[in-house]
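A.B. asks: Below: one structure in structure tokens.
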Amino acid sequence: MNAETIYAALRRLEENVERAFIGKRETVRLALVAFFAEGHLLLEDVPGVGKTLLGQALARSLDATFSRIQFTSDLVPLDVVGSDIYRPKTQDFEFVPGPIFANVVLADEINRTPPRTQSATLEATSERQVSVGGATRPLPRPFFFVATENPIEFEGTHPLAESQLDRFLMRLSIGYPDRAAERAVLETNRRAPALESLQPVLSLDEALEIQAAVRETRIAPEIVDYLLDVVEATRRSPEIAVGASPRASLAFAQALRAAALVDGRDYVVPDDVKRLAVPVLAHRLVPKNYRSENRRRVVESLVEEILTTVAAPD
């Protein structure tokens, strides 16, 4: 695929997702950035704003397999990854894949399940494989893991560990739609949910080809230095106990390449760094003084402050 074909395919995909997920173009674009950067996405927002819908619309637009896992307190790891089942007829064990074996996996309310079950997703999200019963099985490609959590309910929840958070390329909030967008939602869904009418506009092979093109997108040395200046500032900040890791730097660079391509460029600009710093870095940082309910607000403010103090290249 040449540059023009890739850009046309990305616009077609974006427009198709927006037919169901209305009024949140920047959220859609950032979700596409996470997908084509081969990362994973954490959606943290109140109920009813379309977190599940976004994952479903993307899967339908890509002709991808989709599975939804409702994380609850009684869920166990084998419910996620699958297990070996004994078949009396063959007198042998047969592996039955769990819902993690899909192109797009939605982990709904992931913080409602205990850490033991949360950890069942670590190998999948970091290595795109699952180990069960002494055998390692690869996951489908592409593989996109989207997790949701409700930030206003804490009773009966288990906050994600730092190692778990670090597996997500980005953390996003959707927010409420404006009045015009909400009116459009009501009109569009008057007869039937808009999601049901979505048809695939991009094959999985084309999606994999675009992911490969992301890896070839150029980042000028000046932009790399700017990225590293921002990352180092998180480590030097007196307000931050744990700064961004080298893995965060790698993820940041890959996200910048994908953002450039989604915007129709084959090169990264300083504004890409400013646009993605909060969604890529904030959830990986641990502030020194915070309460659990205001951690997100604190770290996002700290990253925004860093962006005002680190000089961007011309």
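A.B. asks: Any residue in the range 159-176 that's within 16 Å of SER126 (Cβ to Cβ) and surrounded by fewer than 14 Cβ atoms within 10 Å (Cβ to Cβ): show its pairings with residues that are among the hydrophobic types (A, V, I, L, M, F, W, C) and at pLDDT 85 or above at Cβ separation under 8 Å, as long as the two are six or more apart or on different chains.
C.D. replies: Cβ pairs passing all conditions: GLU162/VAL242; GLU162/VAL286; SER163/LEU122.
A.B. asks: Quick check on the range 39-65: of everything there that is surrounded by fewer than 20 Cβ atoms within 10 Å (Cβ to Cβ) and part of a loop (DSSP other than H, G, I, E, B), which residue is modelled with the highest pLDDT?
C.D. replies: Looking at residues that are surrounded by fewer than 20 Cβ atoms within 10 Å (Cβ to Cβ) and part of a loop (DSSP other than H, G, I, E, B), I get THR65.
A.B. asks: Please go through the range 279-295 and give me each residue that is crowded, with 21+ Cβ neighbours inside 10 Å and assigned to a helix (DSSP H, G or I), ordered by number.
C.D. replies: Passing the criteria: PRO279, VAL280, LEU281, ALA282, HIS283, ARG284.
A.B. asks: Now for a separate question. Among the residues of the range 220-230, write down those that are surrounded by fewer than 19 Cβ atoms within 10 Å (Cβ to Cβ) and in contact (Cβ under 8 Å) with a residue 40 or more places away in the chain.
C.D. replies: Answer for the range 220-230, where residues must be surrounded by fewer than 19 Cβ atoms within 10 Å (Cβ to Cβ) and in contact (Cβ under 8 Å) with a residue 40 or more places away in the chain: ALA220, GLU222, ASP225, ASP229.
A.B. asks: A follow-up question, please. Specify the residue that is surrounded by the fewest Cβ atoms within 10 Å (Cβ to Cβ); the eligible residues are those in the range 68-96 that are touching a Lys or Arg at 6+ places or on another chain (Cβ under 8 Å) and not in a loop (DSSP other than H, G, I, E, B).
C.D. replies: Looking at residues that are touching a Lys or Arg at 6+ places or on another chain (Cβ under 8 Å) and not in a loop (DSSP other than H, G, I, E, B), I get GLU94.
A.B. asks: Right, ARG171: at pLDDT below 95, in the same structural domain as GLU38 (by TED's automatic domain parsing) and over 22 Å from SER61 (Cβ atoms) or not?
C.D. replies: When the stated conditions are applied, ARG171 does not pass them.
A.B. asks: Hey, another quick one. Out of the residues in the range 186-204 meeting the condition of being of a type in the set (D, E, K, R) and part of a helix (DSSP H, G or I), tell me which one is surrounded by the fewest Cβ atoms within 10 Å (Cβ to Cβ).
C.D. replies: GLU196
A.B. asks: Tell me which residues, restricted to the range 205-231, are in contact with a Lys or Arg (Cβ under 8 Å, 6 or more places away or on another chain) and part of a helix (DSSP H, G or I).
C.D. replies: Answer for the range 205-231, where residues must be in contact with a Lys or Arg (Cβ under 8 Å, 6 or more places away or on another chain) and part of a helix (DSSP H, G or I): LEU208, VAL214, ARG215.
A.B. asks: Quick one: in the range 296-314, of everything that is assigned to a helix (DSSP H, G or I) and acidic (Asp, Glu), which residue is farthest from ASP45 (Cα to Cα)?
C.D. replies: Per the stated criteria, the residue is GLU305.
A.B. asks: List the pairs whose first member sits in the range 62-75 and is without any contact (Cβ under 8 Å) to a residue 40 or more places away in the chain and over 20 Å from PRO159 (Cα atoms), whose second member is aliphatic (A, V, I, L, M) and crowded, with 21+ Cβ neighbours inside 10 Å, and whose Cβ atoms are under 8 Å apart, counting only residues at least 6 apart or on separate chains?
C.D. replies: Matching pairs, first to second residue: SER67/ILE100; SER67/ALA102; SER67/VAL104; SER67/VAL105; SER67/LEU106.
A.B. asks: Still on this structure: Going through ILE69, ILE6, ILE22 one at a time, which residue ends up being in contact with a strand residue (DSSP E or B) (Cβ under 6 Å, 6 or more places away or on another chain) and in the same structural domain as GLU196 (by TED's automatic domain parsing)?
C.D. replies: From the options ILE69, ILE6, ILE22, the qualifying one is ILE69.
A.B. asks: For the range 207-258, give me each residue that is out of contact with any Phe, Trp or Tyr (no Cβ under 6 Å at 6 or more places or on another chain), under 30 Å from GLU14 (Cα atoms) and among the basic types (Lys, Arg).
C.D. replies: ARG215, ARG247, ARG257
A.B. asks: A further question follows. Collect the residues in the range 264-278 that are surrounded by fewer than 16 Cβ atoms within 10 Å (Cβ to Cβ) and among the hydrophobic types (A, V, I, L, M, F, W, C), keeping them in residue-number order.
C.D. replies: Across the range 264-278, there are no qualifying residues.
A.B. asks: A follow-up question, please. For the range 240-263: of the residues being in contact (Cβ under 8 Å) with a residue 24 or more places away in the chain and either surrounded by fewer than 16 Cβ atoms within 10 Å (Cβ to Cβ) or among the polar types (S, T, N, Q) (or both), which is farthest from VAL33 (Cα to Cα)?
C.D. replies: The qualifying residue farthest from VAL33 (Cα to Cα) is ALA241.
A.B. asks: Taking ALA34 and the conditions (1) of a type in the set (Gly, Ala, Ser); (2) in a helix (DSSP H, G or I); (3) free of Cβ contacts under 8 Å to residues at least 40 places away in the same chain, which numbered condition does it fall short on, given that it satisfies the others?
C.D. replies: (3)
The values are calculated or read from the model by the stated rules, or taken from the named source; none is laboratory data. For clarity, every value in this text was computed on a predicted model and none was experimentally measured. Ideal geometry is used to build each Cβ from the backbone, glycine not excepted, and the neighbour counts take in all protein chains shown.
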